[in-house]
Amino acid sequence: MKYKIKNKNIIIKSNNDFNPKHIFECGQAFRWKREEDNSYTCVAKGRVINIFQSNDEIVFSNTNEEDFNNIWIDYFDLKTDYNNIKKELSLEKTIKDAVDYGYGIRILNQEKFETIISFIISANNQIPRIKKSIEIISKNYGEFIENFRGQDYFSFPSAENLSKVSVEELREVARVGFRDKRIIETSKLIANNDFSIKESVNLNSEELRKELERLPGVGPKVASCIMLFSYGRSETFPVDVWIKRVMEELYIKKETNIKLIGKYASEIFGDLAGYAQQYLFYYGRENAIGKL
DNA sequence: TGCCAGGGGTTCA
DNA sequence: TGAACCCCTGGC
């Protein structure tokens, strides 16, 4: 991975396949903040990092060379050649517009426990409220990291710590509604190793899905998101209401059901289905369905 | 102002 | 298979 260091910042070439807005606003992550200068501050792995695009350069600040190599290269999936993925996907003509539109998307490698809880919260919920709940949970039960640009940042709590919170308190404090029990029970299963995150990485995707769906609050869609956004299972194609609309509008040309859409996607996109999902999701949401 | 629909789905009957 | 679910926001 080629980079240079200037004024304590790590700088890489954008290479037309790294765009902070695309990465953070394509629906995969919740713990980022857009700053007034259009940079993005994001919390992960107990660190706070700021990312700014300047022409064809991407500037990582509030970090250091060691963290960049040990943490962020993996987190931002910098070893994967997205231009190659886009080229392959674009052979299929319908998706080409979506790929061109979200050209700078990358799929992050996020922390597993945080991703599991985040997507349990996402069920039948709205993105601003999801972000708020996750922020409150971190602030109350995570650990203080630092103050950056006037804002305090906290890590996402461990399963051990979150499992000790009462259902009532969590609902009251984090405004998670009926998801309260699911969050606490899942945290307990993970904390007491009934579900072993460490061992789960060795499962094949079919086994992993089955295992994840044992967790309260994790159904087919949430399991898919967890697999794609934190287990690197890039053949996974999460089908939510947005993707359903996009696929119906662009491909199927009529209303259909979720199962069929997943099957269809895997036939067209194969092992690249997960990437395809992200380009389509971003394209569909940003352009608002109906105007495609 | 106040009511109502609907949302990154899952669960339970 | 279908209704119910917390809470919040946007539209009327």
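The values are calculated or read from the model by the stated rules, or taken from the named source; none is laboratory data. This is a predicted model, so every value here is computed, not measured. Because the Cβ atoms are built from the backbone with ideal geometry, glycine has one as well, and the counts that use them run over all protein chains shown. The accessibility values were calculated without ligands, DNA or RNA, using every heavy atom of the protein model including side chains. Shrake-Rupley method; radii C 1.70, N 1.55, O 1.52, S 1.80 Å.
Descriptive notes on the structure:
- Residue among A:Ser133, A:Ser155, A:Ser118, A:Ser122 that alone is within 30 Å of A:Thr63 (Cα to Cα), under 20 Å from the mean Cα position of the chain (by Cα) and away from DNA strand B (no atom under 16 Å from the Cβ): A:Ser155
- Among residues of segment A:108-122 that are touching a residue at least 24 places away in the same chain (Cβ under 8 Å) and under 16 Å from A:Arg179 (Cα atoms), those with a Cβ under 9 angstrom from a residue that is part of a loop (DSSP other than H, G, I, E, B) and among the β-branched types (Val, Ile, Thr), sequence gap 6+ or separate chain, pair up as A:Ile116/A:Val218; A:Phe119/A:Val218; A:Ile120/A:Val176; A:Ile120/A:Val218; A:Ile121/A:Val176.
- Checking each residue in segment A:176-234 for being on the phi > 0 side of the Ramachandran plot, within 20 Å of the chain's Cα centre (by Cα) and within 14 Å of DNA strand B (Cβ to nearest atom) picks out only A:Gly217.
- Yes/no for A:Asp74 being away from DNA strand B (no atom under 16 Å from the Cβ), touching a residue at least 12 places away in the same chain (Cβ under 8 Å) and either surrounded by fewer than 16 Cβ atoms within 10 Å (Cβ to Cβ) or within 15 Å of the chain's Cα centre (by Cα) (or both): yes
Listed here are the residues, each with its yes/no results for (1) surrounded by 14 or more Cβ atoms within 10 Å (Cβ to Cβ); (2) assigned to a loop (DSSP other than H, G, I, E, B).
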| residue | (1), (2) |
| --- | --- |
| A:Asn147 | no, no |
| A:Asp152 | no, no |
| A:Val173 | yes, no |
| A:Ile184 | yes, no |
| A:Ile190 | yes, no |
| A:Asn193 | no, yes |
| A:Glu206 | no, no |
| A:Gly217 | yes, yes |
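- The listed residues are A:Lys93, A:Lys112, A:Lys87, and the only one of them that is more than 21 Å from the chain's Cα centre (by Cα), under 20 Å from A:Thr236 (Cα atoms) and not aromatic (Phe, Trp, Tyr) turns out to be A:Lys87.
- Search result, residues across segment A:119-145 that are away from DNA strand C (no atom under 16 Å from the Cβ), surrounded by 12 or more Cβ atoms within 10 Å (Cβ to Cβ) and not charged (D, E, K, R): A:Ser138, A:Tyr141, A:Gly142, A:Ile145
- Members of segment A:210-243 that are of a type in the set (A, V, I, L, M), under 13 Å from A:Gly262 (Cα atoms) and out of contact with any Leu (no Cβ under 8 Å at 6 or more places or on another chain): A:Val239, A:Val241
- Filter pass, A:Tyr40 being open to solvent by 70 Å² or more (accessible area, probe 1.4 Å) and outside the structural domain of A:Gly219 (by TED's automatic domain parsing): no
- Look at segment A:168-183: where a residue is more than 10 Å from DNA strand C (Cβ to nearest atom) and a partner is of a type outside the set (S, T, N, Q), sitting 6+ places away or on another chain with Cβ atoms under 6 Å, you get A:Leu170/A:Asp180; A:Arg182/A:Ile120; A:Arg182/A:Pro216; A:Arg182/A:Gly217; A:Ile183/A:Ile117; A:Ile183/A:Ile120.
- Residue in segment A:252-266 that is polar (S, T, N, Q), under 21 Å from the mean Cα position of the chain (by Cα), under 27 Å from A:Ile71 (Cα atoms) and more than 15 Å from DNA strand C (Cβ to nearest atom) present: no
- Checking each residue in segment A:1-59 for being within 16 Å of DNA strand B (Cβ to nearest atom) and not in a loop (DSSP other than H, G, I, E, B) picks out A:Pro20, A:Lys21, A:His22, A:Ile23, A:Phe24, A:Trp32, A:Lys33, A:Arg34, A:Tyr40, A:Cys42, A:Val43, A:Ala44.
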